[in-house]
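Peer 1: My structure is below; once you've seen it, I'll send some questions.
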Amino acid sequence: MKKIQNAVFITGAGQRIGYYLAKSFLQQGDYPVLFTYRTHRSEVDELKALGAIGFQVDFTAPNALPKLIQQVSESAESLRAMIHNASLWLSDETIAEEGGEKNFNALFQLHVEVPYALNRAFTPLLQSASTPLKDIISLSDANVNRISADHIAYVASKAALQSMTKGFAKKLAPNIKVNDIAPALILFNEGDNEAYKQRRLAQSALGIEPGAEVVWQAVQYLMNSPYTTGSVLVLDGGQK
């Protein structure tokens, strides 16, 4: 199989924002798409039907990272961009009730260890891209800048991701730009009740559910900007 060139690699693209980003890149048609997913869904089939190459992976499983790195290296000759979207949202109460240390470790594994390892492993693929700009983009959380009493571990892991992103921005400059997008409310989940929705909407000045399009716009800005690296682009609608 001939290796693809100048691909965009997205983790956690089997649903929601990751799926939207992958589909948007495919519809744009400028770059081939590689993506990971944990659970098979109809969205995965749709992305593959559009030409994307998908890898099913549970990043918390033993030896998952080395296997994925090998699969991507066998599929792509170069990467235009890498987007760390895979995420796990757990409250401290859930961590304590449903797995304790295992769930705590999973947060830092997915939000810190995986991006760190992939950045190091795929730097040569990014450097090999024929495009003038190369990018690594992580998705953290706007709540890093707020105090949370209920999601201490989750927010701490996202804060570590932001810090790591800034470190790689210095390490990989000037050849590769490294930035972070920090979203607040983007999409409600199915089953969210009206009272919860209204409470969340009231937390921002703009008071809307913006949808995944705003994350796509942020990704496009960062990828097209030749003078932005080491930044955290907050998408919070003017969080109060």
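Peer 1: Under the condition of being within 23 Å of residue 148 (Cβ to Cβ) and among the charged types (D, E, K, R), which residue from the range 191-205 is surrounded by the fewest Cβ atoms within 10 Å (Cβ to Cβ)?
Peer 2: So the residue we want is 199.
Peer 1: Here are some conditions: (1) of a type outside the set (Ser, Thr, Tyr); (2) part of a loop (DSSP other than H, G, I, E, B); (3) surrounded by 21 or more Cβ atoms within 10 Å (Cβ to Cβ). Residue 188 meets all but one. Which one does it not meet?
Peer 2: The single condition residue 188 does not satisfy is (3).
Peer 1: Among (1) in a helix (DSSP H, G or I); (2) surrounded by fewer than 19 Cβ atoms within 10 Å (Cβ to Cβ), which single condition is residue 62 missing?
Peer 2: That leaves (1) as the condition not met.
Peer 1: Kindly list, by first and then second residue, each pair from a residue in the range 155-182 that is acidic (Asp, Glu) to a residue that is part of a helix (DSSP H, G or I), limited to pairs with Cβ atoms under 8 Å and residues at least 6 apart or on different chains.
Peer 2: Once the first residue is acidic (Asp, Glu) and sits in the range 155-182, its partners that are part of a helix (DSSP H, G or I) give 180/161; 180/162; 180/165; 180/166.
Peer 1: Of the residues 180, 135, only one is of a type in the set (D, E, K, R) and within 17 Å of residue 234 (Cβ to Cβ); which?
Peer 2: 180
Peer 1: Report yes if residue 60 is β-branched (Val, Ile, Thr), free of Cβ contacts under 8 Å to residues at least 12 places away in the same chain and more than 19 Å from residue 126 (Cα to Cα), otherwise no. It would help to see each step written out before you state the result.
Peer 2: Values: β-branched (Val, Ile, Thr): yes; free of Cβ contacts under 8 Å to residues at least 12 places away in the same chain: no; more than 19 Å from residue 126 (Cα to Cα): yes.
Here the answer is no, as residue 60 does not meet what is asked.
Peer 1: Anything in the range 30-47 that is part of a helix (DSSP H, G or I) and either acidic (Asp, Glu) or within 19 Å of the chain's Cα centre (by Cα) (or both)? List them, or say none.
Peer 2: The answer is 43, 44, 45, 46, 47.
One line per residue, one yes/no per condition, for (1) free of Cβ contacts under 8 Å to residues at least 40 places away in the same chain; (2) of a type in the set (Phe, Trp, Tyr); (3) under 26 Å from residue 131 (Cβ atoms); (4) crowded, with 22+ Cβ neighbours inside 10 Å:
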site	(1), (2), (3), (4)
4	no, no, yes, no
10	no, no, yes, yes
13	no, no, yes, yes
16	no, no, no, no
24	no, no, yes, no
28	yes, no, yes, no
34	no, no, yes, yes
38	no, no, no, no
45	yes, no, no, no
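Peer 1: Given the options 119, 179, 143, name the one that is surrounded by 13 or more Cβ atoms within 10 Å (Cβ to Cβ), modelled with pLDDT under 95 and not small (Gly, Ala, Ser).
Peer 2: 143
The values are calculated or read from the model by the stated rules, or taken from the named source; none is laboratory data. None of these values were measured; they are calculated from a predicted model. In this analysis, Cβ positions are derived from the backbone assuming ideal geometry, glycine residues included, and neighbour counts consider all displayed protein chains.
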